[in-house]
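The values are calculated or read from the model by the stated rules, or taken from the named source; none is laboratory data. The shown structure was predicted, so the numbers you read here are calculated from the model rather than taken from an experiment. Reconstructed Cβ throughout: ideal geometry from the backbone, glycine too, with neighbour counts over all protein chains shown.
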Amino acid sequence: MHKTVQRGMSSLRLQSLQSYAFLARNLHLTRRYWGWELVWFFYSLTSGLAVVFIAQGAEALTGASPSFDVKYLTMYLIIGALVWSYLSNVFMLTSEVVAWERWEGTIEYTLMAPVRRWVHLFGQTAYSLVYSLITTVLIGIAMALFFEIDLSASNLPGAAAVIAAGSLSLISIAVIASILPLLYPERGAQMSNVVQLSFLLISGVYYPITVLPEWMQAIARLSPVTYVLQGTRAAILDGASSADLLKFIIPLLVLGLVTLPIGLRVFKLAENYAKRTGKLKRVG
C-alpha cells in the first residue's frame with residue numbers, strides 16, 4: 001500500500017513537472033519574440049482605448065449636458081475592453097496549441113512524446129492564464145492613466161470569481177476549437193479565429209445583447225462570455241453581492257466541467273486521426 005502511494009506521488013510529481021515544462025517553454029518563446037509581444041500589447045491597448053473614448057466622444061457630440069451617465073458608460077466600456085482582452089487571449093493561446101507547434105516545427109515531437117495529453121494541455125492553458133492576466137493588468141493600469149476609475153463600491157472578489165469560472169468554460173471550448181488545425185492544416189487556425197470573433201460579436205462586449213436581433217440574442221445566451229461580462233459588470237458597476245453572482249458563476253462552472261472532459265476526448269480522437277492520415281507534418 002505504501003509503495004503504491006509512493007508510486008502515485010512520484011507519477012503526480014512527474015506530470016506536474018511535465019506541465020511546468022510546457023509552461024516554461026512558452027514563456028521562453030514569449031521572451032524570444034518580445035518584439036512581437038510589444039507590438040500586440042500596444043495593439044490591444046490602443047484598440048481598448050479607442051473603444052472607451054467613444055464615451056467621451058458621445059459626450060462631446062451631445063453637448064455639455066448629455067442625457068446619459070458618461071462615467072457609467074466609460075466604466076461599462078472599460079470592463080468590456082479588459083474582460084475581452086483577458087478572455088480572448090485565453091481562448092487564442094489555448095486554441096493555438098497545435099498552430100504553435102507547427103510554427104515552431106515541433107508538432108511531431110510533442111504529439112509523439114510519452115506525455116499524457118491532459119498534461120500537455122494543462123501546461124498550455126496555465127501559460128495562457130498567466131500571460132492573459134499579466135497583459136490585462138498592464139492594460140488596466142494604462143487605462144487608469146487616461147480615465148477616472150472608481151471602484152469604491154465594487155465587489156472585486158466577486159468579479160474575480162466570475163472571471164475565474166468563465167476562464168474554465170472558455171478553456172474547455174478552446175480545447176475543442178484547437179482540434180481544427182489538426183483536422184484542417186490549411187485553414188484550421190483561421191477557423192479558430194472565426195469562433196473567437198463570433199464571441200466578440202454576440203456576447204455584449206461593448207453593448208448589451210438586447211440590441212442584437214432576436215435570433216442573435218438566443219445564440220448570445222449560449223455564450224459563456226455573455227455571462228462573464230454580465231456578472232463582472234454587476235459586481236463592479238452595481239456592487240452585486242457574491243450570493244447574487246452565483247447565477248452567473250454556477251452556469252459557467254457547470255459548462256466548464258461538462259465540456260472539459262469532452263474537449264480532451266475530442267482532442268485525443270482528432271490527434272489519432274491526424275497521426276493515421278499523416279496530417280501532423282502538413283502545414284498547407
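Things to note:
- Single residue of VAL51, VAL119 found to be surrounded by fewer than 20 Cβ atoms within 10 Å (Cβ to Cβ), in contact with a Ser or Thr (Cβ under 7 Å, 6 or more places away or on another chain) and either among the polar types (S, T, N, Q) or assigned to a helix (DSSP H, G or I) (or both): VAL119
- Some residue of segment 102-113 being touching a Phe, Trp or Tyr at 6+ places or on another chain (Cβ under 7 Å) and among the charged types (D, E, K, R): no
- Set SER154, SER172, SER198: member being part of a helix (DSSP H, G or I), touching a residue at least 60 places away in the same chain (Cβ under 8 Å) and either surrounded by 15 or more Cβ atoms within 10 Å (Cβ to Cβ) or within 14 Å of the chain's Cα centre (by Cα) (or both): SER172
- Set side by side, the residues THR46, THR94, THR74 differ, and just one is within 25 Å of PHE199 (Cα to Cα), part of a helix (DSSP H, G or I), of a type in the set (S, T, N, Q) and within 17 Å of the chain's Cα centre (by Cα), which is THR94.
- Look at segment 43-57: where a residue is within 13 Å of LEU73 (Cα to Cα) and modelled with pLDDT of 90 or more, no partner that is of a type outside the set (Phe, Trp, Tyr) and surrounded by fewer than 19 Cβ atoms within 10 Å (Cβ to Cβ) sits 6+ places away or on another chain with Cβ atoms under 6 Å.
- Residues in segment 26-42 that are within 17 Å of VAL130 (Cβ to Cβ) and without any contact (Cβ under 8 Å) to a residue 12 or more places away in the chain: HIS28, ARG31, ARG32, TYR33, TRP34, GLU37, TRP40.
- Applying the condition of being of a type in the set (Phe, Trp, Tyr) and part of a helix (DSSP H, G or I) to segment 201-238 and asking which residue is farthest from PHE248 (Cα to Cα) yields TRP215.
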